[in-house]
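*Asks:* Have a look at this one before I ask anything.
The values are calculated or read from the model by the stated rules, or taken from the named source; none is laboratory data. Quantities reported herein were computed from a predicted structural model and do not represent experimental measurements. Cβ sites come from the backbone with ideal geometry, for glycine too, and all protein chains shown count toward neighbours.
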Amino acid sequence: MARYYGIVQSSWPPEKAFAYMADFSKVPEWDESFESAELHSHDPLQVGARFRLQGKSLGRAVEFDYETVEIDAPRRVTLRTETGAIVSLDKISVRERPGGSLVEYDANLQAKGPLKLLDPLLSLWFRRIGDRAKAGLERELNR
C-alpha cells in the first residue's frame, strides 16, 4: 500500500481551511496532477458528496470519482475513490493553531490485481505526486 502523509500550516481559520479541503472540486487549485474537478451532488460538505476529478498520470488521462464517506465539520473528512486498479482513502484533519490552522492530509492508495506487484514503485511515484500537491496546498492555504 502506498501512503502519503503531510502537515500544512495555514493562516486561515480552521472553519475556512476545512471547508476548502472538504470540497474536492477545489483540488486542481493545489494539485497539479488534476486538470479539472466537478461537484456531482448538491452540498460538498456532507456524507455522500460526489466529485469527479480528471487529470493525467504517466501520460494517460485519468478520472476518479470521489465520495465523502465521513465528515465531522470542521475537524475531519474522509473521501474514497475506487477504480479497476486502485482504492484510495484520503483523510483530512484540521485543527486550530495560534494564527490559523494545521491541516493534516493522510492518503492511502491500495493497488488491486496485478498492480499490487508494483507496490514499491507505486509508493515512490505517490510520494512524488504528494510532495508536489503539498507545496501547492501550502501556497493556497496561505493566500
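*Asks:* Of the numbered conditions (1) in a strand (DSSP E or B); (2) buried (at least 18 other Cβ atoms within 10 Å of the Cβ); (3) not acidic (Asp, Glu), PRO74 satisfies every one except a single condition; which is it?
*Replies:* With respect to (1) in a strand (DSSP E or B); (2) buried (at least 18 other Cβ atoms within 10 Å of the Cβ); (3) not acidic (Asp, Glu), PRO74 is out only on (1).
*Asks:* Working only within the range 77-86, note down all residues that are surrounded by 14 or more Cβ atoms within 10 Å (Cβ to Cβ) and either at pLDDT 95 or above or among the polar types (S, T, N, Q) (or both).
*Replies:* Selection gives VAL77, THR78, LEU79, ARG80, THR81, GLU82.
*Asks:* Let me confirm something: among GLU35, GLU70, GLU96, GLU63, which residue is touching a helix residue (DSSP H, G or I) at 6+ places or on another chain (Cβ under 7 Å) and over 19 Å from GLY130 (Cβ atoms)?
*Replies:* GLU96
*Asks:* Between residues in the range 63-86 that are in contact (Cβ under 8 Å) with a residue 24 or more places away in the chain and residues that are assigned to a loop (DSSP other than H, G, I, E, B) and crowded, with 16+ Cβ neighbours inside 10 Å, which pairs lie under 9 Å by C-beta distance while being six or more apart or on different chains?
*Replies:* These pairs meet every condition: TYR66/ALA49; THR68/PRO44; THR68/ALA49; ILE71/ALA49; LEU79/ALA49.
Okay, residues lined up against (1) assigned to a helix (DSSP H, G or I); (2) touching a residue at least 12 places away in the same chain (Cβ under 8 Å); (3) under 27 Å from TRP12 (Cβ atoms):
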| residue | (1), (2), (3) |
| --- | --- |
| GLN46 | no, yes, yes |
| ARG52 | no, yes, yes |
| PRO120 | yes, no, no |
| TRP125 | yes, yes, no |
| ARG128 | yes, no, yes |
| ALA135 | yes, no, yes |
| ASN142 | no, yes, yes |
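*Asks:* Please find, within the range 92-123, the residue that is surrounded by the most Cβ atoms within 10 Å (Cβ to Cβ) out of those that are among the hydroxyl-bearing types (Ser, Thr, Tyr) and under 12 Å from LEU141 (Cβ atoms).
*Replies:* SER101
*Asks:* So, in the range 99-114, how many residues would count as being farther than 14 Å from SER88 by Cα and not hydroxyl-bearing (Ser, Thr, Tyr)?
*Replies:* The total comes to 7.
*Asks:* Determine if the range 19-34 includes at least one residue that is assigned to a strand (DSSP E or B) and touching a strand residue (DSSP E or B) at 6+ places or on another chain (Cβ under 9 Å).
*Replies:* Among the residues of the range 19-34, at least one is assigned to a strand (DSSP E or B) and touching a strand residue (DSSP E or B) at 6+ places or on another chain (Cβ under 9 Å), which makes the answer yes.
*Asks:* Is it the case that some residue within the range 51-62 is under 12 Å from the mean Cα position of the chain (by Cα) and surrounded by 15 or more Cβ atoms within 10 Å (Cβ to Cβ)?
*Replies:* Checking the range 51-62: at least one residue is under 12 Å from the mean Cα position of the chain (by Cα) and surrounded by 15 or more Cβ atoms within 10 Å (Cβ to Cβ).
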